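First the structure, in the form of structure tokens, and then the observations on it.
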Ligand code: WT7
């Protein structure tokens, strides 16, 4: 690490941040070590408003099904809205919505509370109750945030499905969750184009494939032409118009499931990660406060979509729980040009900016080929803090982000976490941590991350291993919806001494103890910060039964997207080449887009008469990874049954 620059926090940061300096950090870590439950209980009382205070902090009697603050009752929407209005902040701007075309709408806390209450009343009028599941398939919009908050207000468990997922993926999620209602938009407007949402919903629900689902509530975004099923489809504006603007919140137990969010694992179908109410909201609020140092006059912008966990925690819940002001952006970073982010930071005087390395890398490329969209062409002096999330950030991109976006003055918090962890796990704190590009540095105070070997024993610093979390924490995944056995097997394997298995490899620096994430240790890919299972993509390919006999998918490094999907395919017909191979590759990509979504399309497709297998018939994935990278295969191929195959796989389409 000595070859990298280091950046210590300025004295101003140390003096003014919520967590002040190394001493401030050490005091919190010591407090958590001394009395773990007491530490979290103190914070839960300080940050959240409880309708019924809890008396029990952590119940570990049925590990790994941990319970936090279990006898307490609260409501997330009350914590995010009412309490700020009651404190006299009703006129404060909660959301600054910027549409794809640049139009801006501001929503105050009082207005947001009224909108949420109206929709909550409408949902109740439709018979939707505490514990019912509601799927949300919405664009980035005020209404998307309102839909999530309205569910929280009545105790319904939402499950947001990213607008880029296909009809098949949406159907799987509606079915698995047993959803009673679905809230969507007619279309979404992105990059100057209207893209269908309701049409995909119609396809997903065709043939009565989702019998639990009664209502489809449609937000009119573009006014485009859509199909309509009488008795099932309802306009959101008609449903809410006559509803009162107040609605008593449903007080729920702390462990009540606030949401399910489907994410990819190494095997099988995506799993419904179940999050709680109290523990989740605590960490959402606490990490927003300490990692982002959110203050009353900040303009916070997290560029994630509400379809991912980052949008849940750092758009819908964390900043609102603290009464902050934030941007909600409908569009894409490259429309009308690749200066959009910088132009919006300038226009709205954004102070805290949180985005993904893949976006930074593509904007670097754009800025290098077109001066006009270089961040130096914009006034970014309002910025005081930058964040990164979703994948490792390479030091070169970090340095560019620091220099050209942050004006060499803004700390960068490289936040490591997962859908399952609910919020930040390993991250710098801006008034504390000396930054090293490419390292997510040290655990958030109270979080017990460690690096162990296959048997759960600690490995010394400087030696890589498996990333685990030793103690349960408030915002952790509670279970996989409907599959507690899979939850145990995936995250609490018997050999790891009761530690939570993150699924990533990591290494700690010998001197500083800083963590660097080295990548997934399972068959999960990270493409542009989107998480995908290789098995899911393989199943999608082989479901093209008229063409595909067999498929294997691996990741390979990619300069812009981090990882790229590479598929090895054996067809049911002779191996194609040239234009024919190109045409079939396109057909397969379209098929995957239809099965999962465009984000799962393989970048490279390689055709073989067979796949490289051992004599016992196992696909040699290690070898495929080398081929995908374009490496000459130096590995031992003596166990390979059909070495000639390797040559065929050399050509990517
Ligand atoms: C996986 C989780 C975190 C919310 C968005 C993604 C990778 C995430 C970092 C980081 C290196 C990172 C890990 C993790 N990851 N943040 N700062 N540095 N890797 O959530 O879809 O659940 O993916 O993203 O591999 O396991 P997710």
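The values are calculated or read from the model by the stated rules, or taken from the named source; none is laboratory data. Because the structure is predicted, anything quoted here is derived from the model rather than measured. Methodologically, a virtual Cβ is constructed for each residue, glycine included, from the backbone with ideal geometry; neighbour enumeration extends over all protein chains shown.
Observations on the model:
- Residue list for segment 532-548, filter: closer than 15 Å to residue 270 by Cβ and more than 24 Å from the chain's Cα centre (by Cα): none
- Matching entry among 94, 37, 44 (being touching a strand residue (DSSP E or B) at 6+ places or on another chain (Cβ under 9 Å), buried (at least 20 other Cβ atoms within 10 Å of the Cβ) and in a helix (DSSP H, G or I)): 44
- Some residue of segment 351-362 being farther than 25 Å from residue 23 by Cβ, part of a strand (DSSP E or B), more than 15 Å from the ligand (Cβ to nearest atom) and within 25 Å of the chain's Cα centre (by Cα): yes
- Qualifying residues in segment 618-632 (those that are in a loop (DSSP other than H, G, I, E, B) and at negative phi) - the one modelled with the lowest pLDDT: 632
- Scanning segment 581-595 for residues that are under 23 Å from residue 647 (Cβ atoms) and buried (at least 16 other Cβ atoms within 10 Å of the Cβ) gives 581, 584, 585, 588.
- Segment 383-410: number of residues that are over 27 Å from residue 309 (Cα atoms) and in a loop (DSSP other than H, G, I, E, B): 3
- Qualifying strands (runs of 3 or more DSSP E) (wholly inside segment 119-190; at least 2 residues being under 19 Å from the mean Cα position of the chain (by Cα)): 133-137, 157-160
- One residue from 61, 2, 49 being assigned to a loop (DSSP other than H, G, I, E, B), modelled with pLDDT under 95 and at negative phi: 2
- Some residue of segment 215-238 being touching a residue at least 60 places away in the same chain (Cβ under 8 Å), more than 30 Å from residue 45 (Cα to Cα), out of contact with any strand residue (DSSP E or B) (no Cβ under 6 Å at 6 or more places or on another chain) and buried (at least 19 other Cβ atoms within 10 Å of the Cβ): no
- Residues being closer than 19 Å to residue 563 by Cα, modelled with pLDDT of 95 or more and outside any strand (DSSP E or B) are represented in segment 411-418 by at least one member.
- Any chance residue 598 is away from the ligand (no atom under 16 Å from the Cβ), surrounded by fewer than 18 Cβ atoms within 10 Å (Cβ to Cβ) and within 21 Å of the chain's Cα centre (by Cα): yes
- Residue within segment 275-284 that is within 13 Å of the ligand (Cβ to nearest atom) and assigned to a helix (DSSP H, G or I) present: yes
- All told, residue 199 falls short of being touching a helix residue (DSSP H, G or I) at 6+ places or on another chain (Cβ under 6 Å) and part of a helix (DSSP H, G or I).
- Residues that are within 14 Å of residue 267 (Cβ to Cβ) and away from the ligand (no atom under 16 Å from the Cβ) within segment 508-531 are absent altogether.
- Of the set (1) within 30 Å of residue 62 (Cα to Cα); (2) away from the ligand (no atom under 12 Å from the Cβ), all apply to residue 504 but (2).
Each row is one residue, and each column tells you yes or no for (1) over 18 Å from the mean Cα position of the chain (by Cα); (2) within 14 Å of the ligand (Cβ to nearest atom).
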residue	(1), (2)
265	no, yes
289	yes, no
301	no, no
308	no, yes
317	no, yes
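- Checklist (1) within 16 Å of the ligand (Cβ to nearest atom); (2) modelled with pLDDT of 95 or more; (3) over 22 Å from residue 45 (Cα atoms) applied to residue 270, failing item: (2)
- Failed item, numbered, when residue 534 is tested on (1) away from the ligand (no atom under 11 Å from the Cβ); (2) within 25 Å of residue 389 (Cβ to Cβ); (3) surrounded by fewer than 22 Cβ atoms within 10 Å (Cβ to Cβ): (3)
- Residue ID - nearest to residue 518 (Cα to Cα), chosen from residues in segment 428-441 that are within 13 Å of the ligand (Cβ to nearest atom) and in contact with a helix residue (DSSP H, G or I) (Cβ under 8 Å, 6 or more places away or on another chain): 438
- Residue match in segment 263-284 (condition: out of contact with any strand residue (DSSP E or B) (no Cβ under 9 Å at 6 or more places or on another chain) and either surrounded by fewer than 24 Cβ atoms within 10 Å (Cβ to Cβ) or on the phi > 0 side of the Ramachandran plot (or both)): no
- Neighbours by Cβ (under 6 Å, 6+ apart or cross-chain): first from segment 367-395, on the phi > 0 side of the Ramachandran plot; second within 16 Å of the ligand (Cβ to nearest atom): 390/356; 390/529
- Condition met for residue 457 (surrounded by fewer than 19 Cβ atoms within 10 Å (Cβ to Cβ) and within 28 Å of residue 394 (Cβ to Cβ)): no
- Residue check for residue 507: within 21 Å of residue 622 (Cα to Cα) and either under 19 Å from the mean Cα position of the chain (by Cα) or at pLDDT 95 or above (or both): no
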